[in-house]
Structures are given as structure tokens and as C-alpha cells.
Amino acid sequence: MKTFWLVALTMIAFAANSILTRLGLADARISPAAFSIVRLASGAFVLAAIVALRGKPFHFAAPGRARSVGALLTYVVGFSYAYLSLNAGIGALILFGAVQLTMFTGAALAREAIPVRRWVGAAIAFGGLVWLLRPTGHAAPAPAGAALMAAAGIAWGIYSMPRRHGRDAQAETAANFVLAAPFALLTLLMPDRTPMSAQGFLLALTSGAITSGLGYSLWYFVLPQIRSTTAAVAQLTVPIIAMAGGALLIGEPLTVRFLISALLVLGGIAFSLFRPKATGALSRA
């Protein structure tokens, strides 16, 4: 039961990133640039402190570091700017779908053996995203926001792929956050000059230090204790939690279009996951 509650807490933390970002940007409490900077800087501080307390070394010059840092930066910045126009639940679903399709594409390009069930599941999930993003109807997501979140999802998928073979995922993530944080200052060159309120700063700080920094640390702690299939199923709940949180805390509407898309995306991924006598692994999101 302890492991169950730790996994549940981690999934809530991941979903909370969408809600916190949307809350900060919806009423112009903070700019996307400032949110990205505060999130990365506070996340870097917490992760670095945890790794230092564990007595683990940082390997800033590790192979593939530049790609990981670039992907992390693209994810965080794209995530923030996307929530200028997307609801929390819709954004989380687009992100989650893009991450999983990127991971699937990476496996296909690497010529990994992919069962028919995974191909079918990926096709269903892709169809769900197409249904959500089609440009007709009043419930269509804002094109710019959807494109930015899809880019963030692709970047996180690219970032997540090396983690499957990482020696110390927590130390690797800490190093990436520390290196990415200074580059986030380049977002200040963007024309948005929204003043940062105290509430906006606290929302970004919470997203960085708690739901990102502590959230990722908790995930890396609990991950070795559960099956890959359990981890995969748990992550299917993240868009659902974000959807529920957006509806309860922000008053976001639950449209038929979104619900059908969520059913297709999450159902397709679940279908590809549950195959007899095999395990599946989804990325951390």
C-alpha cells in the first residue's frame, strides 16, 4: 500500500504541472518566459540538493548531454507557452500522446521488434490526437497552443529515450536541469512583458521545486519497486487527473470532443501495453 500511495502521489504531481502552469498563465499572473525560468531554476536547485545529499557525483560532460539539455529546455518552454491558450486537460492529453508516439517512432526507427498489437494501439492513439486537433468545430484547441504542446511532447519523448539506459536517472536529470536553467534566460528576449505577480511566482516555484523536482525524485525512487506495466498503467492516469483538476479547480469544460479523444488516446496506449506474457514501458511525463 505504501508503494501504491507513492505512485499515486507522483502521478498527481505530474498532472499538477499542467494545472499550476495553466493557473499561472490564464489570468496573466506571470509570463511564460518567467514561468519557464523559475520552474527550471527551482527544479535544478531541489534536484541538485537531493543528489548532493545522496553523495552522488554530477557528470555534466556525459555522452548525449547536449541533446538531453536541449530537449528538456524545449519541453519546459513549449509547455509554458502552450498553456497560454490550452486548457489543462487538453494540454496534458496532447503532451502525453505526443510523448508516446515519439517513443514508438524511436523504437521503429531503431528497428526494434514491434508486435502488431503495438502498431494497432499506436494507430488508435494517433487517431485520437487527430480527432482532438482537427481544425473544425468550436471545441477545437488553439492551433498555436496545440503545436507548441506537441513540440513539447516530442522533446520530452526524445529526452526520455536515453533514460531507459541511464546509470542514475536522478543524477542525470539534476545535471540536465542545472545546465538548462541558464539557457532559459534566453526566453526573456521574447516580446511578452507580462509582470510577474507574487502568486504567479509561487505557482512557478511550486511547479519547479515540488511537482517537478520532488516529483521526479519520487518517481525515480519508486520506479525500481514496481513493474514496468504498473508504471505504464499509472501514467495513463496523468491526463485524467489533469482533466479533473482543470474542471474542479479552474472550471474548464469537459467537451464530448475531448472525452472521445481521451478515450482513443489512452485506450490505444493501454491496448498496445496489455499483451500476453510481455511487458511494456511508457516514458516519464
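The values are calculated or read from the model by the stated rules, or taken from the named source; none is laboratory data. It should be emphasised that the depicted structure is a prediction, and the values quoted were computed from it without experimental measurement. Here Cβ is always computed from backbone atoms with ideal geometry, including for glycine, and neighbour counts include all displayed protein chains.
Brief remarks on what is shown
- Qualifying residues in the stretch 195-218 (those that are of a type in the set (S, T, N, Q) and under 20 Å from Arg54 (Cβ atoms)) - the one farthest from the chain's Cα centre (by Cα): Ser217
- Between Ala147, Ala155, Ala122, the distinction of being over 17 Å from the mean Cα position of the chain (by Cα), assigned to a helix (DSSP H, G or I) and either of a type in the set (Gly, Ala, Ser) or farther than 23 Å from Val76 by Cα (or both) belongs to Ala122 only.
- Residues of the stretch 19-38 that are at pLDDT 95 or above and farther than 15 Å from Ala82 by Cα: Ile37, Val38.
- Of the numbered criteria (1) under 30 Å from Phe35 (Cα atoms); (2) assigned to a helix (DSSP H, G or I), the one Ser85 fails is (2).
- Single condition Asp192 does not satisfy, out of (1) over 20 Å from the mean Cα position of the chain (by Cα); (2) part of a helix (DSSP H, G or I): (2)
- Scanning the stretch 220-246 for residues that are farther than 13 Å from Val7 by Cβ, hydrophobic (A, V, I, L, M, F, W, C) and buried (at least 21 other Cβ atoms within 10 Å of the Cβ) yields Ala242, Met243.
- Put simply, of Leu259, Leu266, Leu202, Leu249 the only residue that is crowded, with 17+ Cβ neighbours inside 10 Å and assigned to a helix (DSSP H, G or I) is Leu266.
- Among the criteria (1) more than 14 Å from the chain's Cα centre (by Cα); (2) surrounded by fewer than 24 Cβ atoms within 10 Å (Cβ to Cβ), the one Met11 does not fulfil is (1).
- Contact map, the stretch 51-74: residues that are free of Cβ contacts under 8 Å to residues at least 12 places away in the same chain and surrounded by fewer than 15 Cβ atoms within 10 Å (Cβ to Cβ) paired with residues that are assigned to a helix (DSSP H, G or I) and among the acidic types (Asp, Glu), Cβ distance under 8 Å, separation 6+ or inter-chain. No pairs are found.
- In summary, Pro162 fulfils each of the numbered conditions (1) crowded, with 17+ Cβ neighbours inside 10 Å; (2) modelled with pLDDT of 95 or more with the single exception of condition (2).
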